[in-house]
Amino acid sequence: MSPSALPEEPVAALSEGQRLLYTFTAPSKTMADLRRNASWWVPWLLISVASLAFCFTLDKKIGWGQVMETQIQANPKSAEKMDRMQPEQREKIAKIQEISARVIGYAAPVTTLLLLVVVAGVLLGVFNFGFGAKLQFKELMGVVAYGYLPTILYSLLVILIMFLVEPDVFDIKNPIASGPAYFVPSTMPFLKGVLGAFDVFTLWQVFLLAIGVSQLSKVKKGMAFAVIFALVLVVKFVGGAVGSM
């Protein structure tokens, strides 16, 4: 029998611990293993726990009311609108905003799951219909869940920052200098929003998602990265436009 006719040795299945570790050290291995087992609940659970820890620390060290007030003052239009209100009306709206932000924050496990579903659905549509990738939704749920694991590191870094800064200077949108948006003044919300696409953690996630799409389809990694980054750029563009209103 010629060497070319020898059967291929089966690739060893990865444990959950290995998949988590390889996401940071050898992401191609993790993403390739998703074809064997597309389970996504472990990274979702870890991201949710980190998000809840972030929200708890924010609640205790900064305060949701202070966060909302900082965001209002960062937008001249919003600040002017609030300044024209009667004190009672302003206090009432501020209280509603604080409660809403707290509820949304502590609903992180649900909102994270919804985010994974939406992102996986968008990638499914774009690459299956646009590139004939023949990806499966359950596989993409795994890709997105593992691709978002860097948010855990981000949450831990921001938690550390909360212990080091004064509450009135904490910016929840750009708490650490991980991208050019951090250095743009808050008086330029559109530019600040668009530059969020070039944040280190955002690019890291895009890179992981591109590896996942490439590993599970015939789409080249570079093309996958370009398409996903373009989608992120559109989202940031829209977010920057809304934030500047």
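The values are calculated or read from the model by the stated rules, or taken from the named source; none is laboratory data. Quantities reported herein were computed from a predicted structural model and do not represent experimental measurements. FYI the Cβ positions are ideal-geometry reconstructions off the backbone, even for glycines, and counts take in every protein chain you see.
Here are a few things to note about the model shown:
- Residue in region 115-158 that is nearest to S28 (Cα to Cα), counting only those that are touching a residue at least 12 places away in the same chain (Cβ under 8 Å) and among the aromatic types (F, W, Y): Y146
- Within region 177-216, the set of residues being of a type outside the set (F, W, Y), farther than 21 Å from L156 by Cβ and surrounded by fewer than 19 Cβ atoms within 10 Å (Cβ to Cβ) comprises P180, V184, P185, S186, T187, M188, L191.
- As for region 83-100, it holds no residue that is among the basic types (K, R) and either under 22 Å from M141 (Cα atoms) or under 26 Å from the mean Cα position of the chain (by Cα) (or both).
- Which listed residue is touching a residue at least 12 places away in the same chain (Cβ under 8 Å), in contact with a helix residue (DSSP H, G or I) (Cβ under 6 Å, 6 or more places away or on another chain) and of a type in the set (D, E, K, R), from K173, K192: K192
- Selection of region 221-242 for residues being surrounded by 16 or more Cβ atoms within 10 Å (Cβ to Cβ) and more than 16 Å from G179 (Cβ to Cβ) yields A224, F225, V227, I228, L231.
- Residue match in region 109-117 (condition: at pLDDT 85 or above, over 24 Å from L156 (Cβ atoms) and within 19 Å of the chain's Cα centre (by Cα)): yes
- Residues in region 68-98 that are farther than 19 Å from L191 by Cβ and exposed (fewer than 13 other Cβ atoms within 10 Å of the Cβ): E80, D83, R84, Q86, P87, E88, Q89, E91, K92, K95, I96.
- Check on A145, buried (at least 17 other Cβ atoms within 10 Å of the Cβ) and either under 23 Å from N37 (Cβ atoms) or among the small types (G, A, S) (or both): yes
- From the options D33, D83, residue that is acidic (D, E) and at pLDDT 95 or above: D33
- Test for A224: is it of a type outside the set (S, T, N, Q), within 20 Å of K134 (Cα to Cα) and either assigned to a helix (DSSP H, G or I) or more than 13 Å from the chain's Cα centre (by Cα) (or both): yes
- Residue check for L124: over 15 Å from the mean Cα position of the chain (by Cα), surrounded by 21 or more Cβ atoms within 10 Å (Cβ to Cβ) and either outside any helix (DSSP H, G or I) or at pLDDT 90 or above (or both): no
- Screening L140 with (1) part of a helix (DSSP H, G or I); (2) surrounded by fewer than 18 Cβ atoms within 10 Å (Cβ to Cβ); (3) of a type in the set (A, V, I, L, M, F, W, C) gives one miss only, at (2).
- Residue match in region 143-160 (condition: modelled with pLDDT of 95 or more, hydroxyl-bearing (S, T, Y) and farther than 16 Å from L115 by Cβ): no
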